[in-house]
Amino acid sequence: MADDGKRRWKGPKGKPRSSSGRQLGARKTVAHNAASESSKRWIERQLADPYVRDAKAAGYRSRAAFKLLEIDEKASLLRPGQRVVDLGCAPGGWLQVALEKKAFEVAGIDLLAVDPMAGAHIVEGDINSPDDVARMMAGLTGPPDLVLSDMAANTTGHKSTDHLRTVALVEMALEFALEHLGPGGGFVSKVFQGGATRDVLGTLKTRFETVRHVKPPASRAGSPEIYVIGRGFRGG
Ligand SMILES: C[S@@+](CC[C@H](N)C(=O)[O-])C[C@H]1O[C@@H](n2cnc3c(N)ncnc32)[C@H](O)[C@@H]1O
């Protein structure tokens, strides 16, 4: 366990959680048991997941790497020589794929600390913070050709709150892309449920030549996650 005081990626939805700490009464015990149960389920699912095994064998930091590879297989977005930005990059699977595809420059940002990766400029920060975004953009010598966002908020279990938080992240990713992408550039963002909201989709359709949704096979069938792809950015 890291002891440098930094938050680190601990698996989907921040699990497994710490089981340490005093029990302060029945409510805490119930919450604690529920957390242990869901941690147990998460560990069981990880052990049974062939993508987790394959990611380990291939040296990827996350199974998410396969999602980007599959998205790319369908949409051919990653090309040698590109400048790529990865929003919500921890622990770094997508960064690895971008580098493997011979990106010229790769910059990433995450709320969580990410272990350094040769060839990638990684910033621990928030996409909402202009200072953090500026620190990340300092890693590129020009506008990105591709903006990727796999950002996800920790879920609360409250459906409409979780939905709003996810929509907000997609809007932030799109706002970033519209401000920074070079003409002709591409955009990929994780969205949930039926796909991008009407507002996001409307903006994408006016600012990009083509827009489509992709559900990569590595994305769990039961998960509401899907990816929206915009290609051919029409410029600012
Ligand atoms: C599913 S993970 C990304 C996995 C990554 N694509 C990979 O291949 O390893 C989603 C990440 O989004 C990050 N995130 C959520 N909100 C964010 C924000 N406001 N700014 C930066 N990162 C954020 C989370 O910290 C989390 O690490």
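The values are calculated or read from the model by the stated rules, or taken from the named source; none is laboratory data. Treat the numbers as computed from the prediction; the structure is a model and nothing was measured. With ideal geometry, Cβ positions are generated from the backbone for all residues, glycine too; neighbour counts draw on all protein chains shown. Only protein heavy atoms, including side chains, enter the accessible area calculation; ligands, DNA and RNA are left aside. Shrake-Rupley method; radii C 1.70, N 1.55, O 1.52, S 1.80 Å.
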Task: Count of residues meeting criterion [at pLDDT 90 or above and touching a Lys or Arg at 6+ places or on another chain (Cβ under 9 Å)] in the stretch 154-180 - done: 6
Task: From the options Ala152, Ala107, Ala103, Ala120, residue that is surrounded by fewer than 18 Cβ atoms within 10 Å (Cβ to Cβ) and either touching a helix residue (DSSP H, G or I) at 6+ places or on another chain (Cβ under 7 Å) or not hydroxyl-bearing (Ser, Thr, Tyr) (or both) - done: Ala152
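Select from the stretch 38-58 the residues that are of a type in the set (Asp, Glu) and either open to solvent by less than 90 Å² (accessible area, probe 1.4 Å) or closer than 18 Å to Trp94 by Cβ (or both) and write down the one among them that is modelled with the highest pLDDT.
Step one: filter the stretch 38-58 for residues of a type in the set (Asp, Glu), giving 44, 49, 54.
Checking which are either open to solvent by less than 90 Å² (accessible area, probe 1.4 Å) or closer than 18 Å to Trp94 by Cβ (or both) leaves us with 49, 54.
On the way: Asp49: 84, Asp54: 90.
Filtering first and then ranking leaves Asp54.
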Open item on the list: Between a residue in the stretch 84-108 that is assigned by TED's automatic domain parsing to the domain that holds Asp132 and any residue that is aromatic (Phe, Trp, Tyr) and within 12 Å of the ligand (Cβ to nearest atom), which pairs come within a Cβ distance under 7 Å, given they are 6 or more apart or on different chains?
Closed with: Asp86/Trp94; Leu87/Phe176; Ala90/Trp9; Pro91/Trp9; Gly93/Tyr60; Gln96/Tyr60
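Evaluate the stretch 101-108: report whether one residue or more is part of a loop (DSSP other than H, G, I, E, B) and under 19 Å from Asp150 (Cβ atoms). Walk me through it before giving the result.
If we filter the stretch 101-108 for residues that are part of a loop (DSSP other than H, G, I, E, B), which is where we start, we get 101-104.
From the residues that got through so far, the ones that are under 19 Å from Asp150 (Cβ atoms) too are 101, 103.
Yes: one or more hits.
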- [ ] Scan the stretch 153-183 residue by residue and report those that are within 13 Å of the ligand (Cβ to nearest atom) and not in a helix (DSSP H, G or I).
- [x] Ala153, Asn154, Thr155
